[in-house]
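Visitor: Dropping a structure here in structure tokens format, bear with me for questions.
The values are calculated or read from the model by the stated rules, or taken from the named source; none is laboratory data. If you're wondering where the values come from, they're calculated on a predicted model, not measured in any experiment. Using ideal geometry, Cβ is built from the backbone for each residue, glycine included, and neighbour counts are taken over all protein chains shown.
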Amino acid sequence: MKSVKQVVSRRSRKSKAVTTTKKPLLNCDLGESFGPWHMGHDEEIMSLIDCANIACGFHAGDPSVMRKTLMLAKRHKVEIGAHVGYPDLQGFGRRSMNLRGQELIDCIHYQMGALDGIARSHGVRPTYLKPHGALYNDMVGDRDLTETIIKAAATWFRGADLVVMATPTDKKTVQMGIEYGVSLRFEAFADRGYTSSGTLIPRCDPKAVLGADKAVEQALAISSQQLRSQSGKRLKLVPDTICVHGDTPDAVAIAKAIREALG
């Protein structure tokens, strides 16, 4: 297996001729420990990223974990976002639930309010929200659900950007964002495999989560608009941000290598 640095060097040489209009920001899902149960490498990763998606207690995290993660982000001058999900601690928010309409908006506002309250106590504030796990994936192809989540962002009293999956053709989501006055941040994933339609391969598939070398190579392909699906199809994505999951094996090494490559 090639080292992460070898992948960065080789891929960077190939990508020099291809440039994007702006460098995508690097984000990571953090604050996912709960009580005595520790998850991820928040301290090591925080200094390497631009934006921290902090769990708000429904799929992971608790008040103390939120506070510690917020303070860590503040120390490293990292932007803060609310990582909201279904109320599914046992399943880590990766199980779909029949939760729609105003009830879902209330759940999202509840999570955002918890993070915002702790953040304000320490002189910082979340500026965006990102759906987690099943809630994020359920948005793909479900216009009603997407509209509900956009409404949640639009009706948050401070206003908040919304992170959504970058897909090859998604004009309807863009139009919804315009109609509700919500700024959308389109996201691609360094450590997840893609289908030929531009969606993520389900986690039950062995090809769903990429190893360190493949993840770094994919991040560079994304930033140079050269991303391909697992079957080799070219995917025309222009994301604003690239995600590395905090619970991915070798997440710290992946984040370091991507940070070095993207500058």
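Visitor: In segment 202-227, what residues are of a type in the set (D, E, K, R) and either surrounded by 14 or more Cβ atoms within 10 Å (Cβ to Cβ) or touching a residue at least 24 places away in the same chain (Cβ under 8 Å) (or both)?
Guide: Result: Arg203, Asp213, Lys214, Glu217.
Visitor: For segment 148-201, how many residues meet the condition of being farther than 23 Å from Pro24 by Cβ and either free of Cβ contacts under 8 Å to residues at least 12 places away in the same chain or under 14 Å from the mean Cα position of the chain (by Cα) (or both)?
Guide: Adding up the residues that qualify gives 2.
Visitor: State yes or no: is Lys207 assigned to a loop (DSSP other than H, G, I, E, B), in contact with a Pro (Cβ under 6 Å, 6 or more places away or on another chain) and basic (Lys, Arg)?
Guide: no
Visitor: Continuing with this model, one more query. I'd like to check something: does segment 147-170 contain any residue that is within 16 Å of Thr248 (Cβ to Cβ) and surrounded by 15 or more Cβ atoms within 10 Å (Cβ to Cβ)? Break it down stepwise before answering.
Guide: We begin by selecting, within segment 147-170, every residue within 16 Å of Thr248 (Cβ to Cβ); these are none.
No: segment 147-170 contains no residue that is within 16 Å of Thr248 (Cβ to Cβ) and surrounded by 15 or more Cβ atoms within 10 Å (Cβ to Cβ).
Visitor: Would you point out which residue out of Gln175, Gln218 is polar (S, T, N, Q) and closer than 30 Å to Gln102 by Cβ? Give the derivation first.
Guide: On the way: Gln218 fails: closer than 30 Å to Gln102 by Cβ.
Of Gln175, Gln218, the one residue that is polar (S, T, N, Q) and closer than 30 Å to Gln102 by Cβ is Gln175.
Visitor: Regarding Gly93, is this residue small (Gly, Ala, Ser), in contact with a His (Cβ under 7 Å, 6 or more places away or on another chain) and at positive phi?
Guide: In short, yes.
Visitor: If you go through segment 132-146 one residue at a time, how many are crowded, with 17+ Cβ neighbours inside 10 Å and at positive phi?
Guide: 1
Visitor: Can Met39 be described as assigned to a loop (DSSP other than H, G, I, E, B), closer than 18 Å to Ala134 by Cβ and modelled with pLDDT under 95?
Guide: Considered against the rule, which asks whether it is assigned to a loop (DSSP other than H, G, I, E, B), closer than 18 Å to Ala134 by Cβ and modelled with pLDDT under 95, Met39 comes out as yes.
Visitor: Within segment 162-183, how many residues turn out to be more than 25 Å from Arg234 (Cβ to Cβ) and either assigned to a strand (DSSP E or B) or of a type in the set (A, V, I, L, M, F, W, C) (or both)?
Guide: 4
Visitor: Taking segment 217-263 only, how many residues are at pLDDT 90 or above, in contact with a helix residue (DSSP H, G or I) (Cβ under 6 Å, 6 or more places away or on another chain) and over 29 Å from Ser183 (Cβ atoms)?
Guide: 4
Yes/no matrix, rows are residues, columns are (1) surrounded by 14 or more Cβ atoms within 10 Å (Cβ to Cβ); (2) assigned to a helix (DSSP H, G or I); (3) of a type in the set (Lys, Arg); (4) at pLDDT below 95:
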| residue | (1), (2), (3), (4) |
| --- | --- |
| Ala17 | no, no, no, yes |
| Asn53 | yes, no, no, no |
| Ala60 | yes, no, no, no |
| Thr69 | yes, yes, no, no |
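Visitor: Could you grab me the full set of residues in segment 115-131 that are in a helix (DSSP H, G or I) and surrounded by 20 or more Cβ atoms within 10 Å (Cβ to Cβ)?
Guide: Leu115, Asp116, Ile118, Ala119
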